[in-house]
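One structure is given below, encoded as structure tokens.
Please treat every number below as a calculation from the coordinates, not as lab data. As the structure is a prediction and not an experimental result, all values here were calculated from the model. Glycine gets a Cβ as well: all are built from the backbone with ideal geometry, and neighbour counts include every protein chain shown.
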Amino acid sequence: MKYHLTSFGCQMNDHDSERMRGVLEGLGYEASADRDGADLIMFNTCTIRGSADDRFMGNLGDARRIKRERPDAVVAVGGCWAQSQKDAIFTDYPFVDIAFGPGEVARLGELIARERIEAVGAFSLDGAFSGQLPAKRERSFQAWVQISVGCNCVCSYCIVPRVRGRERSRPLAEIVGEVEALAADGVVEVTLLGQNVNSYGRDLPAAERATFAEVLRAVGAVDGIRRVRYTSPHPKDMRGDVIAAMAETPEVCAHVHLPAQSGSTRVLKAMRRTYSRERYLELVQRIRDGIPDVSLTTDLIVGFPGETDADFADTLSLVDEVRYDGAYTFLYSPRPGTEAGESMDDDVPAEVKRERIQELIADVQDHARERARRFVGSTRDVLVEGPSRTDPQRLRGRLEQNIAVNFTGDATPGATVPVEITDATSTTLAGRMAAHVTA
């Protein structure tokens, strides 16, 4: 039996997809390079933005065609979109055989067994974290590690709490145990995952309670782990102990993805982000004071309901003041089931949104290019990820600041090598490998 899995969305979805592959291959399935050759056609979906829905719908149409041609093929839809559409999915899309939300990845074997009686060995770990399931990793030396699921925030534009549920944290001992096993399997870089990763631990029983700062220190201390990353934090939970843990734990990378969403305090209040522009800027300064070589990236939404020219100007000036190393920029799209989607008019014209986002992207890129040039002329450690995407004669890797580097040299993926940085753009660095490779 063969499967084909298409994944959309965030790093948590990438993590869940690795666990889905692990479960499927544990059941005896083999990966298929294309859908037409697959007995099981799977999608792991995102519904955070309208564009994600649109991309998924195009792919789902292809599955409908295959189902018409091969009625025995099984079509399975998982993830956030599936969770949000559970009441109607089998009615609106009758060719879908299996639907499961992000909290049901552990039931995947059981769900497939209902459709495929020959799926011997199917199992269910209902209620388990997907992080407790076997994984088929994309790269042998890098791994996602889920430390929490769900979110207790009430951001007015966000559907995550509805589709991922309330926040639940894994015990610290379990997290460290997983990282130790990964290190023994050759993993050198782990990325800690949570919808609101730095609020970790508050829901744990008193006897097991730990802070996110303690997680960073404990994971960084695991023998064999050279790099620790995490995503995504909320500014309201980025506290002094986390900054100190980053500064004092060499394995924790000097990169913080700090979603701002807007530079306007008025818009932030409407978004229910619980901080003002001023508090955000104070936090940025504390981070840079504690971790001088840190890179800062962010998320920014353009065209939130009621956003005026003055509000957008505040976002541009925030970018100018912070000088981000990069940013994910998004056009606002109303999501069903959210406060903004159901009670606020999407009143910023589409052409205005497009004009604003183009101006914002240009501003972000100008600062990112300027920031990247600080590395030119220096030699930096780069974790090799594989061949360059644009030139297979060169290698590609990342600085601890999470900036991609394309460089000449000869090294094995997973090795950490010194690279002399010779050039910079707004998104990547270029260089040549120096001596003294660390395997």
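For this structure, a couple of remarks:
- Relative contact order of the range 137-253, defined on C-alpha pairs under 8 angstrom at six or more residues apart (%): 27
- Size of electric dipole in the chain: Cβ of Lys, Arg +1 and of Asp, Glu -1, about Cα centre, debye, nearest 20: 180
- Prolate/oblate/rounded label for the range 2-115 (Cα gyration tensor, a/c 1.5): rounded
- Relative contact order of the chain, taken over Cα pairs closer than 8 Å and 6 or more residues apart, is 10 percent.
- With Cα atoms as the point set, the range 176-227 shows a radius of gyration and Dmax of 11.8, 34 Å.
- Helix-only [θ]222 nm of the chain, DSSP H runs n ≥ 4, -39500 (n - 2.57) each, per residue, nearest 500: -10500 deg cm²/dmol
- Bridging of LYS67 to lysines at a Cα separation below 28 Å is possible for LYS2, LYS86, LYS136, once same-chain residues fewer than 8 apart are set aside.
- Amide H contacts under 5 Å for GLY78: PHE43, ASN44, THR45, PHE100, restricted to partners 5 or more places along the chain or on a different chain, H placed in the peptide plane at 1.01 Å from N.
- Between ASP346 and ASN59, the FRET efficiency from the beta-carbon distance, with R0 = 35 Å, is close to 0.85.
- Residue by residue, the range 235-250 carries 3J(HN,Hα) couplings of x, 5, 10, 8, 10, x, 5, 5, 4, 5, 4, 5, 5, 9, 10, x Hz when phi is fed to the Karplus relation 6.51 cos²θ - 1.76 cosθ + 1.60 (θ = phi - 60°); x denotes Gly or Pro.
- Sites THR390 and ARG354 - FRET efficiency at Förster radius 25 Å, r taken between beta-carbons, to 0.05: 0.35
- Leading residue at positive end of dipole, the range 161-303 (Cβ point charges), from GLY220, ALA245, TYR280: TYR280
- Tensor-based shape of the range 376-433 (alpha-carbon gyration tensor, a/c under 1.5 rounded, otherwise prolate or oblate): rounded
- With θ taken as phi - 60° and the Karplus curve 6.51 cos²θ - 1.76 cosθ + 1.60 applied, the whole-hertz 3J(HN,Hα) list for the range 85-102 is 10, 4, 6, 10, 4, 6, 7, 6, 10, x, 7, 7, 9, 9, 9, 8, x, x Hz, x standing for glycine and proline.
- Gain on full extension, evaluated as 0.36 nm per residue between ARG209 and ILE361 minus their Cα-Cα distance, stands at 50.6 nm.
- Alpha carbon centroid spacing (whole Å) that separates the range 359-396 from the range 299-336: 24
- Orientation-averaged projection of the range 137-253 equals 7.5 nm² [convex hull of Cα atoms, one quarter of hull surface area].
- In terms of its alpha-carbon gyration tensor, the range 2-53 comes out oblate; a/c meets the 1.5 threshold, while b/c is at least as large as a/b.
- Under Karplus coefficients 6.51, -1.76 and 1.60, residue-wise ³J(HN,Hα) of the range 366-382 in Hz, glycine/proline x: 4, 5, 5, 5, 5, 5, 5, 5, 5, 7, 5, x, 9, 10, 10, 6, 10
- 5 angstrom amide H check on ALA31, placed H, neighbours 5+ away: TYR3
- Highest mean first, the peptides 72-80, 181-189 sorted by other C-beta atoms within 10 Å per residue fall in the order 72-80, 181-189.
- Average Cα contact separation per residue, the range 237-314, under 8 Å, 6 or more apart, as relative contact order %: 42
- Calculated FRET efficiency for the pair THR379/SER140, C-beta based, R₀ 30 Å, to 0.05: 0.65
- When the chain is treated as a GNM with alpha-carbon contacts under 10 Å, the residue of ALA31, ALA310, ALA63 showing the greatest mean-square fluctuation is ALA310.
- For the chain, average projected area of the Cα convex hull in nm²: 21.6
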